[in-house]
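Peer 1: Below: one structure in C-alpha cells.
The values are calculated or read from the model by the stated rules, or taken from the named source; none is laboratory data. On a predicted model such as this, the values are computed, not experimentally measured, just so you know. Note that each Cβ is placed from the backbone with ideal geometry, even for glycine, and that neighbours are counted across all protein chains shown.
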Amino acid sequence: MSTVYSDYSRDRIGWFFGLSGPKLAILVVTGFPVLLAIQGHRWSAALIAVGVFALVVVLVVVRVRGRSSVGWVWASVCFLTAGLTGARSFTSRAARGAAGDLGAVDLPGVLQGLEILDGPPTGPSQSRPAIICNHAAGTWAATATVVHPGIGMLGIDDRRRHGAGLGRLLDLAVRTELVDELIVVVRTVPDDGAEREIWVAQHRNPDAHPLPGRVNADLAQFVTPVCVRTETFVTFVVPESRIGRDARESGGGLPGRARVMCSLMAELEAELRGGLGMSEVRWLSSPELALATRTGFAPGDRASVIAAHAAHATDPGVNAEVPWAIAGPSGADHAVRHYRHDAWHTISETITLPSRGAVLGALAPVLTPSAAGERRSLMVCYPVLTATRAERTSDNAEFAADMGAELRRVARVKPRARHRVDAARAEQMDAKLATGNAMTRPYAVATVTVPAVMPIDEYGRRLDGAVRRAGYAPLRLDLAQDAGFAAGCLPLGIGLTRKGLW
C-alpha cells in the first residue's frame, strides 16, 4: 500500500465563494450603482450598470487557463511589445563575431542578468565551486549535481524515510534564515553513447575474433538510441537582502558572500547525503556549470565535449572546457506556445497538485521519453517562507476561512465540502507551524525538448498525456515559454515567482 501525501492547501483561501477580500470589495463597490439605479426606477441606467458589473466580473473573477483576463491582456501586450522591439529574439555575440571575453556570460531572456563567480577553494581537491550572481533578481545561488539510487525498488518504509528527509531539508533551509528557494532539476536525456564508444576504443583488442565485435556493434546500434541518462541538479538560492549582514561579518564584499555560500553548501550537503540518501553530491565549478548549461540548450553537443575530455587526458593541448561566451544558444526566439533555441524546440508547462493527494514517485511518467531523441525535464521549486511570514500567512488563511464560513452562514449558503476541507487544512497548518515545521509553496515545471525537424506540438501533447497519467493537471506556459525553459531545464537558480530588480 502506497503513502498518499495530501497535507497541502491552496495558497490563498477565498472569503466568499472562493473570492479574496479585495476581489469581493471590488464586486461590492461595482454592484452598488446597480442597486441605486433599481431603487430609483432608472431602468436604462440600471441596464448600463449591470453591463459594467458583468464586465468587471469577467475581468476580476473569471480565469482562463490559470490567468485572469487582465493578466492575459498584460501578457499579450508585453509579448507583442517584445516582438516589435526585437527583444523576443536573441543572437549571441559569438554568432555575430563580437565575442570578446570568453568568460563573460552571454545568455538570452531572463538569463541576461547572470554573472558566474569562482568561490574559494574547498575540499581535499581544492575545487572552486561556482557562485551564480543574478543581478536582475538580486540573488546568489550554487548548484550541485547529485546521484540518487532511486525509489523504484524501495518499500513503503524507505519511501517514507526519504519523504521525511525532504521535510527535514526544508526545515533546515528555514533555520538558516538565508535560503529562500530550493530547486531540483531532473533531466532525462537520450544516451549518446559517448562514454561507451571511448571505452570500446580504449579496450578493443586488434587480435580478437571479429564476431564479438560485430555483435557488440549491432547491439550498440539498436540499444543506444532507446537508452536514456538521468541528470539531477540541486540549487539553493539566497537573496541579497538576507546575505548582506552575514557577509559583513565574514569580511564583506564578494569574499564574504562566497564564504557564507560555502558554509551553506556544507550544511545542505550533509542533509542531502543523510536524510535524502544521495550517494554523491558534488558542487559544480564554473566550467562544469557552463557544460550543464550548454547541454541544456543543445543536448546533442554533449558527445563532442566528452570526446574532447577523453582527448585532453592524452593531449593537454586539447581544450575540453565550454566557455561561458558559447554556453548559450547562437540564436533563440520564443513563440506563443514553444521556445526555439538553435536546432531545438522546447515546450514548458506547469503541473497542478491533485486535490486527492500525490504518491511519492508518481511523476516518473513525466520523465519518461516517448521516442528516441526526445528529452524530458522536470523542475520542482520549494520557495521556503521565514517563520514570521509563515505565521502571518497561516493566520490570514485561518481568518479568511472563518470569515468565509460566517459570510456563508449569514447569507444562508450551504458550505460545500471544498470549503470545509480548506478550513480544516488551515487549522492543521497552524498546528504544524507551532511544532516547528516549515511552510513552503512548491511548484513544478515540466518540459520536453526535441530537434527542430520533429513536430514539437505532437510531443507537447504527449507531455500533457504523461502529466495526466501521473495524476496531475498540465498548464501550458503560453507567452512565457522562454522563462519556463530557463526554469525547467537549466540549473541556474531561475524561478517563476520572484519579482523585482536588483
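Peer 1: Scan segment 74-127 for residues that are part of a strand (DSSP E or B), of a type in the set (Val, Ile, Thr) and under 22 Å from residue 283 (Cα atoms) and jot them down. Lay out the reasoning, then the answer.
Peer 2: Taking segment 74-127 and keeping what is part of a strand (DSSP E or B), we get 89-91, 114-118, 122, 127.
Next cut, of a type in the set (Val, Ile, Thr) only: 91, 116, 122.
Answer for segment 74-127, where residues must be part of a strand (DSSP E or B), of a type in the set (Val, Ile, Thr) and under 22 Å from residue 283 (Cα atoms): 116, 122.
Peer 1: Another question, then. Inside segment 140-162, can you point out the residues that are closer than 15 Å to residue 360 by Cα and in contact with an Asp or Glu (Cβ under 6 Å, 6 or more places away or on another chain)?
Peer 2: Residues of segment 140-162 that are closer than 15 Å to residue 360 by Cα, as a first pass: 148-162.
None; the set is empty.
Peer 1: A further question on this structure: Among the residues of segment 295-311, are any modelled with pLDDT of 90 or more, surrounded by 16 or more Cβ atoms within 10 Å (Cβ to Cβ), touching a Leu at 6+ places or on another chain (Cβ under 9 Å) and of a type in the set (Ser, Thr, Tyr)?
Peer 2: No, segment 295-311 has no match at all.
Peer 1: From the list 435, 386, 352, 393, pick out the single residue that is within 30 Å of residue 459 (Cβ to Cβ) and of a type in the set (Val, Ile, Thr).
Peer 2: 352
Peer 1: Next question, about the same structure. Of everything in segment 140-167 that's more than 21 Å from the chain's Cα centre (by Cα) and under 30 Å from residue 130 (Cβ atoms), which residue is surrounded by the most Cβ atoms within 10 Å (Cβ to Cβ)?
Peer 2: Taking segment 140-167 and keeping what is more than 21 Å from the chain's Cα centre (by Cα), we get 149, 151-161, 164.
Adding the requirement that they be under 30 Å from residue 130 (Cβ atoms) leaves 149, 151.
Values: 149: 10, 151: 15.
The extreme case among them is 151.
Peer 1: Still on this structure, I have one more. For segment 210-235, which positions are modelled with pLDDT of 80 or more and over 37 Å from the mean Cα position of the chain (by Cα)?
Peer 2: 210, 211, 214, 215
Peer 1: Here is a further query. Restricted to segment 90-130, and to residues that are of a type in the set (D, E, K, R) and without any contact (Cβ under 8 Å) to a residue 24 or more places away in the chain, which residue is farthest from residue 237 (Cα to Cα)? Break it down into steps so the answer makes sense when it comes.
Peer 2: Start the filter on segment 90-130 by keeping residues that are of a type in the set (D, E, K, R), which leaves 93, 96, 101, 106, 115, 118, 128.
Checking which are without any contact (Cβ under 8 Å) to a residue 24 or more places away in the chain leaves us with 96, 115.
Numbers: 96: 33, 115: 14 Å.
Ranking the qualifying residues of segment 90-130, first place goes to 96.
Peer 1: So, in segment 222-269, exactly how many residues are surrounded by fewer than 21 Cβ atoms within 10 Å (Cβ to Cβ), under 22 Å from residue 122 (Cβ atoms) and among the aromatic types (Phe, Trp, Tyr)?
Peer 2: Residues that pass the stated criteria total 0.
Peer 1: Any idea which of (1) closer than 30 Å to residue 222 by Cα; (2) outside any loop (DSSP other than H, G, I, E, B); (3) of a type outside the set (A, V, I, L, M) is the one residue 428 doesn't satisfy?
Peer 2: So residue 428 meets the others, but not (1).
Let's see how each residue does on (1) in contact (Cβ under 8 Å) with a residue 24 or more places away in the chain; (2) under 22 Å from residue 405 (Cα atoms); (3) assigned to a helix (DSSP H, G or I); (4) among the polar types (S, T, N, Q):
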residue	(1), (2), (3), (4)
22	no, yes, yes, no
25	no, yes, yes, no
28	no, yes, yes, no
34	no, no, yes, no
56	yes, no, yes, no
71	no, no, yes, no
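Peer 1: Still on this structure: Taking the options 389, 469, 418, 425, name whichever one is farther than 21 Å from residue 357 by Cβ and among the charged types (D, E, K, R). Break it down into steps so the answer makes sense when it comes.
Peer 2: On the way: 469 fails: farther than 21 Å from residue 357 by Cβ; 418 fails: farther than 21 Å from residue 357 by Cβ; 425 fails: farther than 21 Å from residue 357 by Cβ.
The match here is 389.
Peer 1: Counting only residues that are of a type in the set (S, T, N, Q) and crowded, with 18+ Cβ neighbours inside 10 Å, how many does segment 460-502 have?
Peer 2: Counting residues in segment 460-502 that are of a type in the set (S, T, N, Q) and crowded, with 18+ Cβ neighbours inside 10 Å gives 1.
Peer 1: Follow-up. Out of the residues in segment 334-381 meeting the condition of being of a type in the set (Gly, Ala, Ser) and within 14 Å of the chain's Cα centre (by Cα), tell me which one is nearest to residue 298 (Cα to Cα).
Peer 2: Restricting attention to segment 334-381, the residues satisfying the condition of being of a type in the set (Gly, Ala, Ser) are 335, 343, 348, 355, 357-358, 361-362, 364, 370-373, 377.
Among the residues that remain, those that are also within 14 Å of the chain's Cα centre (by Cα) are: 348, 377.
Values: 348: 16, 377: 13 Å.
That would be 377.
Peer 1: Here is a check on your reading of the model: is residue 380 within 27 Å of residue 473 (Cβ to Cβ) and in contact with a helix residue (DSSP H, G or I) (Cβ under 7 Å, 6 or more places away or on another chain)? Lay out the reasoning, then the answer.
Peer 2: Details: within 27 Å of residue 473 (Cβ to Cβ): yes; in contact with a helix residue (DSSP H, G or I) (Cβ under 7 Å, 6 or more places away or on another chain): no.
No: the conditions fail for residue 380.
Peer 1: Now for a different question. Taking segment 444-491, which residues are assigned to a loop (DSSP other than H, G, I, E, B), of a type outside the set (Asp, Glu), more than 10 Å from the chain's Cα centre (by Cα) and on the phi < 0 side of the Ramachandran plot? Reasoning before the result, please.
Peer 2: We begin by selecting, within segment 444-491, every residue assigned to a loop (DSSP other than H, G, I, E, B); these are 452-455, 470-472, 477-480, 490-491.
Keeping just the survivors that are of a type outside the set (Asp, Glu) gives 452-455, 470-472, 477, 479-480, 490-491.
Next cut, more than 10 Å from the chain's Cα centre (by Cα) only: 452-455, 470-472, 477, 479-480.
Result: 452, 453, 454, 455, 470, 472, 477, 480.
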